[in-house]
Amino acid sequence: MSLAFARRLKTKITPSSLQDKLVTADGSTLQRRGTAEVTVQLCHLQVRHRFEVINGLRNNVIFGVDFLQNTHCVLDIQNFQVYFYDQAVILPLLEKDENSTVLRTIGHTVVPPHTEMILPVKLPSTFMARMTKNMPQKQQFTAVVEPSNTPAHHNCLVARAVVLFSSTASTTLCRLLNFSDSECIIHKKTPVANITVLPNVVDTPVTDDDDKERRSIHNQTQSAENLSHEKVLYLQGLGIRLNEDKIPPDIFTDFVILLYEFRSVFATSMADLKEPSNLIPARIITIPDHKPVRMRPYRLNDHMRTELDKQLDQLLQSGIIEEDIDSAYASPVVITV
């Protein structure tokens, strides 16, 4: 529970008995001010619970695992409901907010299997008019995009994200992931997500420090592009052909970085295949009393014989194969052109 909310409730704050530090996802330490016991209204049911009081907490209340366990809570994600005390109390998982609305697709969309897509969605004009009326001083709005109560497709997931749009905007974007083995077809005007404006977010003006940071990022980007070009030249020296025209620029850069990071796995000669990490011991298991298999070699013309001798010499020099004149087995070599 936030300290500001506890003061608004005028509840008594007592020292906390917990000694463990509370930290956020980014590792920051939360400022614990004590505990407060309050009554939580679950529909017609009242539940007393003791909360840790945190200074600077953005949410008024965050229900922890202890509260969910004590109330026998069950989250029904599929139906967007939450149950307490063996379904004695059933509540909707999401409440409608006056600052929230449904986002619908602008056109017909097909999401390929195992693909992530940035999907344009429409901001309803009535919603934008309401936001402009409620907050006339704001020229830009910060909002949270979340999955809709009714998913657009059972094989697609919508990522939760923070977006920024102007008061005159008519569209925004949401990130969609198809995790299945089949394509997802999403028709026009299908509800895919909810968007909720955050009225308490302060719009900070651009300062000289921000401009310097942007220039620094731009310079770092140019350095990264130059470094990427050097990596391309190195990979081409290994014999790897990279066609930048057939790959989007952002994907091409990531692909080059990935290939360069694992450049040690590429063999440029037969000797590279002799590395200890590349050798896998294997056993040939035969049946009892079997007869050795010995076949005559296939006929080769002079050109094929020359190429075969060349490759065998390379394998021998690299230590990948060795001669065995006493073997009872023999198999012919097949050369493909």
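Summary table
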item	result
Among (1) at pLDDT below 85; (2) surrounded by fewer than 16 Cβ atoms within 10 Å (Cβ to Cβ); (3) part of a strand (DSSP E or B); (4) among the β-branched types (Val, Ile, Thr) - the single one Thr142 does not satisfy	(2)
Residue within the stretch 122-132 that is in contact (Cβ under 8 Å) with a residue 24 or more places away in the chain and touching a Lys or Arg at 6+ places or on another chain (Cβ under 6 Å) present	yes
Odd one out for Thr39, checked against (1) of a type in the set (S, T, N, Q); (2) under 33 Å from the mean Cα position of the chain (by Cα); (3) at pLDDT 85 or above	(2)
Members of the stretch 1-36 found to be over 36 Å from the mean Cα position of the chain (by Cα) and small (Gly, Ala, Ser), listed by number	Ala6, Ser16, Ser17, Gly34, Ala36
Selection count where residues are surrounded by 12 or more Cβ atoms within 10 Å (Cβ to Cβ), under 20 Å from the mean Cα position of the chain (by Cα) and assigned to a strand (DSSP E or B), scope the stretch 154-171	5
Conditions (1) on the phi > 0 side of the Ramachandran plot; (2) loosely packed, with under 13 Cβ neighbours inside 10 Å: number failed by Val23	(1)
Qualifying positions in the stretch 245-260 - touching a helix residue (DSSP H, G or I) at 6+ places or on another chain (Cβ under 8 Å) and loosely packed, with under 13 Cβ neighbours inside 10 Å	none
Single residue of the stretch 300-318 satisfying the filter (touching a residue at least 24 places away in the same chain (Cβ under 8 Å) and not in a loop (DSSP other than H, G, I, E, B)) that is farthest from Ala267 (Cα to Cα)	Met304
Filter result (surrounded by fewer than 16 Cβ atoms within 10 Å (Cβ to Cβ) and over 20 Å from Leu164 (Cβ atoms)) within the stretch 99-128	Gly107, His108, Val110, Pro112, Pro113, His114, Thr115, Glu116, Thr126
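Table: residues versus (1) β-branched (Val, Ile, Thr); (2) modelled with pLDDT under 85; (3) out of contact with any strand residue (DSSP E or B) (no Cβ under 8 Å at 6 or more places or on another chain); (4) in a loop (DSSP other than H, G, I, E, B).
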| residue | (1), (2), (3), (4) |
| --- | --- |
| Asp272 | no, yes, yes, no |
| Tyr298 | no, no, yes, yes |
| Ile320 | yes, yes, yes, yes |
| Thr336 | yes, yes, yes, yes |
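The values are calculated or read from the model by the stated rules, or taken from the named source; none is laboratory data. For clarity, every value in this text was computed on a predicted model and none was experimentally measured. No Cβ is skipped: glycine too gets one built from the backbone with ideal geometry, and neighbour counts run over all protein chains shown.
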